[in-house]
1. Please go through the range 50-68 and pick out each residue that is among the small types (Gly, Ala, Ser) and either at pLDDT below 95 or not in a helix (DSSP H, G or I) (or both).
2. Considering only residues that are closer than 12 Å to residue 85 by Cα and loosely packed, with under 15 Cβ neighbours inside 10 Å, which ones fall in the range 49-71?
3. Output the number of residues of the range 27-49 satisfying the condition of being in a loop (DSSP other than H, G, I, E, B) and either modelled with pLDDT under 95 or hydrophobic (A, V, I, L, M, F, W, C) (or both).
4. Among the residues of the range 69-76, are any in a loop (DSSP other than H, G, I, E, B), basic (Lys, Arg) and more than 26 Å from residue 172 (Cα to Cα)?
5. Give the residues of the range 167-195 that are loosely packed, with under 15 Cβ neighbours inside 10 Å, over 19 Å from residue 101 (Cα atoms) and polar (S, T, N, Q), sorted by residue number.
6. Among the residues of the range 132-173, which ones are among the β-branched types (Val, Ile, Thr) and in contact (Cβ under 8 Å) with a residue 60 or more places away in the chain?
7. Being touching a residue at least 12 places away in the same chain (Cβ under 8 Å), surrounded by fewer than 18 Cβ atoms within 10 Å (Cβ to Cβ) and hydrophobic (A, V, I, L, M, F, W, C) is the filter here, so list the residues in the range 82-111 that pass it.
8. Of the residues in the range 35-87, how many are in contact with a Ser or Thr (Cβ under 9 Å, 6 or more places away or on another chain) and not small (Gly, Ala, Ser)?
Amino acid sequence: MEQIRIFYFSDILCVWAYIAQIRLDELKTTFEDKIAIAQHFVPVFGVAREKLENRWRDRGGLQGYSNHVQEVAKKFDHIIVHPDIWTHVTPFSSTSCHLFLHAIQLLEAKGLVEQNQQVFEKATRAFREAFFTQLADVSDRKVQFQIAEELRLPIAAIQAQIDSGEAYAELSKDFELVKEHTVTVSPTLIFNEGRQKLNGNVGYRVIEANIRELLHNPPGEQSWC
């Protein structure tokens, strides 16, 4: 049976994407080779500091947003959020981080790192955890290199993907897909060649039900629903 292709869009600085990581892991465990998840980035926090200062100006500013994130995090036992999130350290942009992660993804695609190690996924998880638990400014290139070194990734090879422009090309593909599928929320899952979309904090069972429906009723076949 042909794999169910899923586009998964997220922003590295989005608490909902941080929360949803466990659901993504569960999908891969449950469906294994029946699904193929392609991860992409949507720049919800592309202009992070300015956006939050403007949108939360009348609700306590950055402290107000920090309180909001902490209240959200309290509802989920599987994540940890630092009490000074977004106030002690406020990254300028998630885009820098997305570019760096695409450079790591290219290393994996080219076989320049150990195969079957899920390097890109590990790096994505490490960047999120570094920000939300340690207040690391993951938009800063020095911090990005530090995390990469901790993961024992080849720094020069990562920089080469950025310097060549190839990582920028991958990021531009994300921008085009975001426009094509009208993605505005992190995380967003898109199934069935763009005909089905799940936005935001969607429970695992809902995501699972969508996949099972596609597995039992492949695109192009008639379904009573």
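The values are calculated or read from the model by the stated rules, or taken from the named source; none is laboratory data. Note that the structure is predicted; figures quoted are calculated from it, not measured. Counting neighbours? That spans all protein chains shown, and the Cβs are built from the backbone with ideal geometry, glycine included.
1. Step one: filter the range 50-68 for residues among the small types (Gly, Ala, Ser), giving 60-61, 64, 66.
Across the range 50-68, the qualifying residue is only 60.
2. At the first step, the residues of the range 49-71 found to be closer than 12 Å to residue 85 by Cα are 62-71.
Of everything in the range 49-71, those that are closer than 12 Å to residue 85 by Cα and loosely packed, with under 15 Cβ neighbours inside 10 Å turn out to be 63, 71.
3. Of the residues in the range 27-49, the ones in a loop (DSSP other than H, G, I, E, B) are 42-47.
Adding the requirement that they be either modelled with pLDDT under 95 or hydrophobic (A, V, I, L, M, F, W, C) (or both) leaves 42, 44-45, 47.
Residues flagged as in a loop (DSSP other than H, G, I, E, B) and either modelled with pLDDT under 95 or hydrophobic (A, V, I, L, M, F, W, C) (or both) within the range 27-49 amount to 4.
4. To start, the set of residues in the range 69-76 that are in a loop (DSSP other than H, G, I, E, B) comprises 74-76.
Checking the rest, the ones that are also basic (Lys, Arg) come to 74-75.
Subset that is more than 26 Å from residue 172 (Cα to Cα): 74-75.
Checked against the condition, which is being in a loop (DSSP other than H, G, I, E, B), basic (Lys, Arg) and more than 26 Å from residue 172 (Cα to Cα), the range 69-76 yields at least one hit.
5. If the condition is that a residue be loosely packed, with under 15 Cβ neighbours inside 10 Å, over 19 Å from residue 101 (Cα atoms) and polar (S, T, N, Q), then 182, 184 are the ones that fit.
6. Residues of the range 132-173 among the β-branched types (Val, Ile, Thr): 133, 138, 143, 147, 155, 158, 162.
Passing the criteria: 138, 162.
7. Those that are touching a residue at least 12 places away in the same chain (Cβ under 8 Å), surrounded by fewer than 18 Cβ atoms within 10 Å (Cβ to Cβ) and hydrophobic (A, V, I, L, M, F, W, C): 89, 92.
8. Going through the range 35-87 one residue at a time, the tally reaches 23.
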